[in-house]
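One structure below.
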Amino acid sequence: MFRACNQALLASETDNVDPVSSLRRIEAAARSAQVRPISYSVRLDLGDDPSGFAAETRIAFTAEAGSSSFLDVHPRQLTAAVLNGVALDIEADFADGRLQLGELRESNELVVDAVMAYSHDGEGMVRHVDPADGRTYLYAMSFLDAAPRWFACFDQPDLKAPFTLEVSCPPDWIVAGNGPAVQSGPGRWTISQPRPVATYMTTLVAGPYHSVHGSHDGIPLAVHARASLAEFLDREAAALFEHTGRCFDELHRLFGMRYPWGDYHQAFVPDFNAGAMENPGCVTFRDQMIFRSRTTDAERVQRNNTIAHEMAHMWFGDVVTMRWWDDLWLNESFAEYLAHRVCDALGEPAAWVQFGVSRKGWGYAADRRPSTHPVAGNGASDAAGALNDFDGISYAKGAATLRQLATRLGDDVFLAGLRGYIATYAFGNAELADLLAAWSDAGASGITEWADQWLRTSGMDTLRVDGTTLVRIAPAGQPVQREHAITVATYPASERAPLLVAGDVTELPIAAHGLVLPDAGDETWAKIALSQPVWAGMAERFPAVDPIARVVVWNALKQAVADAEVDPALAVRIVAAAVPSEEGDVMLGDLLAWVVEPMSSAYLIDPGPALDVVRTAVDAALAAAAPGSGRQLAAMRGVVATSVDVARLVGLLAGDLPAGVVLEPDLRWRLVARLCALGHFGLDDVEAELAADDSTEGAEHAARCRALVPTAQAKAAAWQLLMHDTELSAALLYATARGFWHRDHAAFTEPYVARYFDEILGTAQLRSGWVVGQVARLAYPHTAVSTHTLALAEELLARRDLPPGIARSVVDCTDDLRRAVTARARLA
């Protein structure tokens, strides 16, 4: 049968993958009641054909005798299917990505032979050819419902089973996956994971990857990256292993259960859609995390956090898995909270600062939009809709609420509940009620009421000082009484006191003078509303504010601008005044990025004067920064992003740099991008740069730079790729979209505003999965701030045939656009 698959592969190169339906929750519940997989055995022939590969899946499963069900498989061609020794009629039984299974027995064996297509959209079996050396790299991404794109399966979170993979591949390749990989001969590998794994977290990494091996506390470790990144992986490996080992020690302490998946591989792979994926035993990461250039402290903090986040998933998500996507917060909120907690415990000084300024900022934006939803129990009726809820609410808001809960319960009860939950449901599935019961068993009181307040409602409270009291305002339409355990502080006197906000009005525990800042420890989830006089004097007060409290001020400022409560020009002046006092680069880089996007591109009617002030501040920060420091690099990036001095930029590109700044690939491409945006560089200049950096990373930079060139030719070519190309990788599509819209390019982009709303729906016919929503978001005309653009958006949103990914992206981007329009009108 495996040989037949290979023959079919050679004969069916033009076959298309059948269209598929998203699994509905009601279908998943019915199937879970009918069938139970016992084991998967998958054989893959990863030969030389660039278009696809042969896959044979053998599934042992139990069922109710006489019942019927279906299997998920999304092949280029389904060759054969045999159920309990009887060949199925593929023409009659297979359609819409589902193979119907009838007359099941108590014990069943199903064998499916298929030809699977390689993908370039970051899902399924992804195939990437590295332009640096022409070598081919594969990895499998099964999230959220992409597993059937590379093997046949019952694809839902609560049908877990052990896996065995047998892989045939070129003899110079290495193979890694969910369990230890054993090589039986040249190009012959077997991977076995005896513990149950959910289909959405199965993976395979195969190719001529460069690998570095290590170990910690008896756990074999390995890191992998493309061969062209070998020198950089070798340079980073020691730091990666050290952080991984220290995280294992802390997670073992927290969970009271050792890592159970055998080897621990971390593979840094190309064309990756997300930051990382928590596949048991073999985490996949974006390979941009193997740094080719010098980095800021913020980038290393973020990488350390991502590593810890995925490791926390080895327990929360992998050992115990949600039953349905409604409880995805049981994965992501916990991993988010535990990652920052672990990094903080390991002595990462900026762990919670990074959470507040980056992650909470992302979550606050999501929670104020019309698409906001509860942390738990989101009502996802199908898998496609559930994908939209992997957002800042499920990650950052959920993590913030858990941080509040840990403070309220104390570590003894909080951790005892987690350990009891893990022990009770190990290698199975659970839901919110199960976790709440585990905390109750550990001694938590009022846990159901807490869940009702924080997890089953949406939106955020507003906290503001009114004289000697703190006023709490519930979100519109959510009259819920949430408690907030916070710290209140005054500046510059720096008086601090704890405060439990348990009602709508609470007396302040300290004298109200100067800047009175609620939640000065960034301990809760709320909008902090400061008065206009406070904002007017913030530039002078800010140097006295401590780092964590600065996070609170910045998030409050961003929300005040978004709600048209603070003049964007004043906000930029506050940022400029604060730049000299930002000693680290975590907040500095975030603030400068905010000034460039969205402030100068959307909120400011005339960004010139405000940006002049920022340029002066950034130049001063650059001059004052220690040579070679992360702060110097962040300031240098700020200089490049805001400069309009072509001669200076050209000089920097030629090597006229401050001491301590090195013209490495990342900085060089930033300079090229800025010169393209200013119209000094054209398409030929981009191609010359790409010739000097003919790499995967260079290709992404070049794609953005081409789209940034302000000519009709460049914009037309970029638009063609975004709306009509079916071959470009997802990573190159994203890079192109990030370069297309620019505030100063309206003369060239104005015709594409209406075209976006006319054409974006058609992209769902060309692509599937994550990339559909991402392109819709990144290609949205966010610089076309006008009531006309809003009208076009509302007309599109009135349609009933919008795919979930496009609908969510357009809703969110339109809300951001509406806020910019309102701010301009109200505060002009």
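Here the label points at residue 497 and residue 612, each 7 Å from Cα along the C-beta direction, are separated by 4.6 nm in the simple model. Projecting the Cα atoms of 682, 575, 629 onto the charge dipole of segment 555-705 (Cβ charges, centred on the Cα centre) puts 575 farthest toward the positive pole.
The dipole here belongs to the chain: it is taken about the Cα centre, uses +1 on the Cβ of Lys and Arg and -1 on the Cβ of Asp and Glu, and is about 1080 debye.
For segment 289-408, the dipole from Cβ point charges (+1 on Lys and Arg, -1 on Asp and Glu) about the Cα centre works out to 420 debye, to the nearest 20. Around the Cα centre of segment 674-828, unit charges on the Cβ atoms of Lys, Arg, Asp and Glu (plus for the first two, minus for the last two) sum to a dipole of about 780 debye.
With respect to the chain, whose longest principal axis is taken over its alpha-carbon atoms, helix 607-624 is tilted by about 90°. Measuring nothing but how far apart in sequence close Cα pairs (under 8 Å, 6+ apart) lie, relative to its length, segment 537-647 scores a relative contact order of 27 percent. Apply the a/c threshold of 1.5 to the C-alpha gyration tensor of segment 508-591 and tell me whether it is rounded, prolate or oblate. Since a/c stays below 1.5, the shape of segment 508-591 is classed as rounded.
One decimal place: the segment residue 825-residue 38 gains 277.1 nm when fully extended, by the rule 0.36 nm per residue minus the C-alpha distance.
Put simply, when 641-648, 676-683 are sorted by average Cβ atoms within 10 angstrom per residue, most first, you get 676-683, 641-648.
Positive-end ranking of 817, 23, 46 along the dipole of the chain, with charges on Cβ about the Cα centre, is headed by 817. Relative contact order of segment 717-828: 28 percent, from C-alpha pairs under 8 Å at least 6 residues apart in sequence.
If a/c stays under 1.5 just call it rounded; otherwise compare a/b with b/c (prolate if a/b is bigger, oblate if not). Do that for segment 373-505, with a ≥ b ≥ c from the square roots of the Cα gyration tensor eigenvalues. Verdict is oblate for segment 373-505. Counting protein heavy atoms only, the chain has 52 percent of its accessible area on carbon and sulfur, 1.4 angstrom probe.
Using the rule -39500 (n - 2.57) for each DSSP H run of four or more residues, divided by the residues of the chain, the 222 nm mean residue ellipticity is -13000 deg cm²/dmol. For the chain, the per residue solvent-accessible surface stands at 35 Å², with DNA, RNA and ligands left out and a 1.4 Å probe. The shape of segment 519-559 comes out oblate: with a ≥ b ≥ c from the C-alpha gyration tensor, a/c is at least 1.5 while a/b does not beat b/c. Here residue 527 is the anchor, and the lysines within straight C-alpha reach of less than 27 Å, apart from those fewer than 8 places off in the same chain, are 360, 397, 558. Taking every C-alpha pair closer than 8 Å and separated by at least 6 residues, the mean separation divided by the residue count of the chain gives a relative contact order of 9 percent. Cα-based values for the chain, radius of gyration first and Dmax second, are 26.8, 82 Å. With the simple model of a label 7 Å out from the Cα in the direction of the Cβ, residue 469 to residue 213 spans 6.8 nm. Note on residue 684/residue 746: beta-carbon distance plugged into 1/(1 + (r/R0)^6) with R0 of 30 Å gives a FRET efficiency of 0.80.
The values are calculated or read from the model by the stated rules, or taken from the named source; none is laboratory data. Values in this document were obtained by computation on a predicted structure and should not be read as measured data. As a convention, Cβ positions derive from the backbone with ideal geometry for all residues, glycine included, and neighbour counts pool all protein chains shown. These area figures cover heavy atoms from the full protein model, side chains too; ligands, DNA and RNA do not enter into them. Shrake-Rupley method; radii C 1.70, N 1.55, O 1.52, S 1.80 Å.
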